[in-house]
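Scroll down for the structure; my scribbles are underneath it.
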Amino acid sequence: MNIGIVGYQGDVSEHVEILYKLSKQYKRDIDPVLVRDKKALTYISGLIIPGGESTTIFQLLKEFDLFNAIKVLAQHRLYVMGTCAGLILISKDDPLSRVRGMGLLDVKIKRNAYGRQINSFSETIDIEGIGKFKAVFIRAPIIEEVGDVITMGKYKDVPVIVRSERFLGLTFHPELTGDTRIHEYFIEMIGRGGYISTPRRVWNVEEFV
Ligand code: GLN
């Protein structure tokens, strides 16, 4: 299964590494693919938009014509996991914000809500379907409002991990502790519906953008 990682800025190699680690301990083949242009979108079953700097990633996604391509593909079949900055990018669109959301996950986000970089922290949280997980929050956003999503975990009564049928969003970084369970959960989500067995042939993104 090919899993794309938006590869401009942020925790790119960390996601690649954890997917390699997972593929070794898992029955299924998992191949990380760096996504920096539209072509790469044609042969992935799932996409990770990593944490980093959301304004930077947003800007580059637009510049390389990927913002709308990902959005449209995700509306049709692509599974997407957004972590931290990545969550901001897949959340509800706010036309007044410098960073626009793709509107894939029905959540409203407030950026940098815990304060500055120095206010980053880690905390063990309880995640439905996964269990106790050490969550690393790096200048994290807060999920201010949830709409039509399932809340899987909270920190101080505020949702920090939510999902819908095809989209998974986290305000923390699951790629930093060596724990593969959240990536495995995402792969399982795809496995139940979106796995493309002959990926290089079946999808032509040009038809949708
Ligand atoms: N503060 C960052 C932003 O708003 C997100 C931080 C992160 O992804 N760790 O872009």
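Residues that are away from the ligand (no atom under 15 Å from the Cβ) and of a type outside the set (S, T, N, Q) within the range 71-91 comprise K71, V72, L73, A74, H76, R77, L78, Y79, V80, listed in sequence order. Counting the residues of the range 148-186 that are in contact (Cβ under 8 Å) with a residue 60 or more places away in the chain, farther than 12 Å from M81 by Cα and in a strand (DSSP E or B) gives 0.
Please enumerate the residues belonging to the range 114-145 that are under 19 Å from M81 (Cβ atoms), surrounded by fewer than 16 Cβ atoms within 10 Å (Cβ to Cβ) and touching a strand residue (DSSP E or B) at 6+ places or on another chain (Cβ under 7 Å). Scanning the range 114-145 gives E128, G129, K134. When S97, S23, S13 are checked against the criterion of being within 16 Å of the ligand (Cβ to nearest atom), farther than 24 Å from P159 by Cβ and surrounded by fewer than 20 Cβ atoms within 10 Å (Cβ to Cβ), a single residue qualifies: S13. Look at the range 96-112: where a residue is touching a residue at least 60 places away in the same chain (Cβ under 8 Å) and a partner is of a type outside the set (A, V, I, L, M, F, W, C) and outside any loop (DSSP other than H, G, I, E, B), sitting 6+ places away or on another chain with Cβ atoms under 6 Å, you get L105/G169. Restricting attention to the range 40-53, the residues being within 11 Å of the ligand (Cβ to nearest atom) and either in contact with a Leu (Cβ under 6 Å, 6 or more places away or on another chain) or among the β-branched types (V, I, T) (or both) number 1.
I'd like the full set of residues that are under 15 Å from L60 (Cβ atoms) and part of a loop (DSSP other than H, G, I, E, B), limited to the range 12-38. Once the filter is applied, which keeps residues that are under 15 Å from L60 (Cβ atoms) and part of a loop (DSSP other than H, G, I, E, B), the range 12-38 yields R36, D37.
Scanning the range 156-174 for residues that are on the phi < 0 side of the Ramachandran plot and either among the polar types (S, T, N, Q) or surrounded by fewer than 20 Cβ atoms within 10 Å (Cβ to Cβ) (or both) gives V158, S164, E165, T171. Within the range 28-68, being closer than 11 Å to G86 by Cβ, open to solvent by less than 40 Å² (accessible area, probe 1.4 Å) and of a type outside the set (V, I, T) holds for L47, P50, G51, S54, F58, L61.
Taken over the range 1-11, the criterion of being in a loop (DSSP other than H, G, I, E, B) and closer than 19 Å to R139 by Cβ is satisfied by Y8, Q9, G10, D11.
The values are calculated or read from the model by the stated rules, or taken from the named source; none is laboratory data. What you see is a predicted model; the values in this text were computed from it and never measured. Backbone-built Cβ (ideal geometry, glycine too); neighbour counts: all protein chains shown. For the accessible areas, the whole protein counts, side chains as well, though only heavy atoms, and no ligand, DNA or RNA atoms are used. Shrake-Rupley method; radii C 1.70, N 1.55, O 1.52, S 1.80 Å.
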